[in-house]
1. When you check residue A:99 against the structure, is it touching a strand residue (DSSP E or B) at 6+ places or on another chain (Cβ under 8 Å), within 14 Å of chain B (Cβ to nearest Cβ), over 25 Å from residue A:13 (Cβ atoms) and surrounded by 14 or more Cβ atoms within 10 Å (Cβ to Cβ), yes or no?
2. May I ask you to list the residues in region B:38-57 that are within 15 Å of the chain's Cα centre (by Cα) and under 24 Å from residue A:87 (Cα atoms)?
3. Is it fair to say residue A:73 is more than 21 Å from residue B:93 (Cβ to Cβ), part of a strand (DSSP E or B) and within 14 Å of chain B (Cβ to nearest Cβ)?
4. Anything in region A:102-113 that is modelled with pLDDT of 95 or more, part of a loop (DSSP other than H, G, I, E, B) and surrounded by fewer than 21 Cβ atoms within 10 Å (Cβ to Cβ)? List them, or say none.
5. I'd like the full set of residues that are within 20 Å of residue B:73 (Cβ to Cβ) and outside any strand (DSSP E or B), limited to region B:91-102.
6. Kindly indicate whether residue A:86 is surrounded by 12 or more Cβ atoms within 10 Å (Cβ to Cβ), within 12 Å of chain B (Cβ to nearest Cβ) and under 13 Å from the mean Cα position of the chain (by Cα).
7. Any idea which of (1) within 14 Å of chain A (Cβ to nearest Cβ); (2) surrounded by fewer than 15 Cβ atoms within 10 Å (Cβ to Cβ); (3) in contact (Cβ under 8 Å) with a residue 40 or more places away in the chain; (4) part of a loop (DSSP other than H, G, I, E, B) is the one residue B:113 doesn't satisfy?
8. Residue check: is residue A:41 within 11 Å of another protein chain (Cβ to nearest Cβ), within 29 Å of residue A:14 (Cβ to Cβ) and either in contact with a helix residue (DSSP H, G or I) (Cβ under 9 Å, 6 or more places away or on another chain) or assigned to a loop (DSSP other than H, G, I, E, B) (or both)?
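The values are calculated or read from the model by the stated rules, or taken from the named source; none is laboratory data. Keep in mind that what you see is a predicted model, and the values were worked out from it rather than measured. Cβ coordinates were reconstructed from backbone atoms using ideal geometry, including for glycine residues, and neighbour counts include every protein chain displayed.
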């Protein structure tokens, strides 16, 4: 069974700090990796996608991918209270793994003023 | 481009009743997905359409669940003889391969409560 694992948290960081969210996955053939943000009672909202090893930066967000270690992370710099949400890691498998995204359970982030 | 829309946003029903949800994808997207999410869990895949063809179904999609996408535009998800365990957020997502790797965008979801 293809699994995506995340620490459920809550992860608490002070405003202005760096929040580091981590995700591991079991399907070594996975090709595409996504981070979604989900506020309570709302639907997932795409933050970042990453497809190759290394770092990808977009504003305050940096996604990091290490396929050898089957590990993907999201860094949020200068964290704001508005960043408080659940962050979902999603992985899409290789061509033989179907079309769906496999999601972790999410990490709850709390940014305290 | 108004994004993915879903209707209704909330549905309360009694056990044993049938319910139907609608999803309108982003207009140029030919791929459409249904997911289900319960409290404290990530979304779980239910089914996938490419245009009007239903190409993949999860084992989670029991015989009481049926989905359609006539003419490859909007999609409906019907649950027959609802059970309390069907209470969840039902999410629709759409995507396209045009212009690069596939990225799924989610609608606002339909929250179902079965009493």
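1. When the stated conditions are applied, residue A:99 passes them.
2. Initial filter on region B:38-57 (within 15 Å of the chain's Cα centre (by Cα)): B:38, B:42-57.
Hits for region B:38-57 are B:38, B:42, B:43, B:44, B:45, B:46, B:47, B:48.
3. On the way: more than 21 Å from residue B:93 (Cβ to Cβ): yes; part of a strand (DSSP E or B): yes; within 14 Å of chain B (Cβ to nearest Cβ): no.
Answer is no for this residue.
4. A:105
5. Residues of region B:91-102 that are within 20 Å of residue B:73 (Cβ to Cβ), as a first pass: B:91-98, B:102.
Selection gives B:96, B:97, B:98, B:102.
6. On the way: surrounded by 12 or more Cβ atoms within 10 Å (Cβ to Cβ): yes; within 12 Å of chain B (Cβ to nearest Cβ): yes; under 13 Å from the mean Cα position of the chain (by Cα): yes.
Yes.
7. (4)
8. Numbers: within 11 Å of another protein chain (Cβ to nearest Cβ): yes; within 29 Å of residue A:14 (Cβ to Cβ): yes; either in contact with a helix residue (DSSP H, G or I) (Cβ under 9 Å, 6 or more places away or on another chain) or assigned to a loop (DSSP other than H, G, I, E, B) (or both): yes.
Spelling it out, residue A:41 is indeed within 11 Å of another protein chain (Cβ to nearest Cβ), within 29 Å of residue A:14 (Cβ to Cβ) and either in contact with a helix residue (DSSP H, G or I) (Cβ under 9 Å, 6 or more places away or on another chain) or assigned to a loop (DSSP other than H, G, I, E, B) (or both).
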